[in-house]
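The values are calculated or read from the model by the stated rules, or taken from the named source; none is laboratory data. This is a predicted model, so every value here is computed, not measured. Reconstructed Cβ throughout: ideal geometry from the backbone, glycine too, with neighbour counts over all protein chains shown. Keep in mind that these areas ignore ligands, DNA and RNA; they rest on the heavy atoms of the full protein, side chains included. Shrake-Rupley method; radii C 1.70, N 1.55, O 1.52, S 1.80 Å.
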Amino acid sequence: FLPHLIASLGEIEQTYIMVKPDGVQRGLVGEIISRFEKKGFKLTGLKLFQCPKDLAEEHYKDLKAKPFFPKLIDYITSGPVVCMAWEGVGVVASARKLIGSTDPLQAEPGTIRGDLAVQTGRNVVHGSDSPENGKREIALWFNENEINQWTPAQAPWLRE
Ligand code: IDP
Ligand code: MG
């Protein structure tokens, strides 16, 4: 019974979600947090933070060779960001769907970028692209004591 139950739940994942400086400047923090909160994922970390250049470069190290890399680093360090850790079964892929395509003009209506942005260079939000990167990015942006384990009161109303 127990192994079957555990298998049916699937793997609990973590993802790193960040409201980028344009999202903070445009007053979209509450709106963006709300999308993940309403979906039913669990918030385990949250802070407003001015990102130093070396952290931005480490976060986006896979894009170092891209022509837009210097502008990307300027963008991410141009003002405070809101850092979030979210947890749940399937949260990584689901968050990417909620966020929408990298280019906001290609992002479907109903997604965060599809509803709230018009250009790739100002696409308001970041989401990890794999469970491995979710863990890596949360460890990069948060101290261990900033991540909270708790049981939401709504848990039995989200999963049978
Ligand atoms: P993602 O954020 O949808 O995962 P990535 O390809 O990982 O997209 O790129 C990371 C970020 O780099 C994008 O969200 C966007 O802010 C920026 N970026 C990606 N491609 C371009 C581009 O062609 N011009 C300007 N900025 C870009
Ligand atoms: Mg990416």
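For the residues LEU105, LEU98, the requirement of being closer than 16 Å to GLU37 by Cβ, out of contact with any strand residue (DSSP E or B) (no Cβ under 6 Å at 6 or more places or on another chain) and not in a strand (DSSP E or B) singles out LEU98.
Yes/no matrix, rows are residues, columns are (1) surrounded by 15 or more Cβ atoms within 10 Å (Cβ to Cβ); (2) aliphatic (A, V, I, L, M); (3) touching a residue at least 24 places away in the same chain (Cβ under 8 Å); (4) within 16 Å of ligand 2 (Cβ to nearest atom):
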{"position": "PRO104", "(1), (2), (3), (4)": "yes, no, no, yes"}
{"position": "ALA107", "(1), (2), (3), (4)": "yes, yes, no, yes"}
{"position": "GLY127", "(1), (2), (3), (4)": "yes, no, yes, yes"}
{"position": "ASN133", "(1), (2), (3), (4)": "yes, no, yes, yes"}
{"position": "ILE138", "(1), (2), (3), (4)": "yes, yes, yes, yes"}
{"position": "GLU144", "(1), (2), (3), (4)": "no, no, no, no"}
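Looking only at residues that are part of a loop (DSSP other than H, G, I, E, B) and farther than 12 Å from VAL19 by Cβ in region 109-121, which one is least open to solvent (accessible area, probe 1.4 Å)? Within region 109-121, the match that is least open to solvent (accessible area, probe 1.4 Å) is GLY121. The combined condition, being farther than 16 Å from GLN14 by Cα and in contact (Cβ under 8 Å) with a residue 24 or more places away in the chain, is not fulfilled by ARG113.
The selection criterion, being assigned to a loop (DSSP other than H, G, I, E, B) and open to solvent by less than 20 Å² (accessible area, probe 1.4 Å), does not hold for ALA153. Taking region 51-98 as the range and being open to solvent by less than 30 Å² (accessible area, probe 1.4 Å), closer than 24 Å to GLN25 by Cβ, among the aliphatic types (A, V, I, L, M) and within 14 Å of ligand 2 (Cβ to nearest atom) as the test, the residues that pass are ALA56, LEU72, ILE76, ALA95. Checking the conditions here, which among LEU43, LEU28 is without any contact (Cβ under 8 Å) to a residue 60 or more places away in the chain, away from ligand 1 (no atom under 11 Å from the Cβ) and at negative phi? Every option except LEU43 fails the conditions. Looking only at residues of region 122-159 that are within 10 Å of ligand 1 (Cβ to nearest atom) and more than 13 Å from GLY23 (Cβ to Cβ), we find that the one that is farthest from the chain's Cα centre (by Cα) is ASN133.
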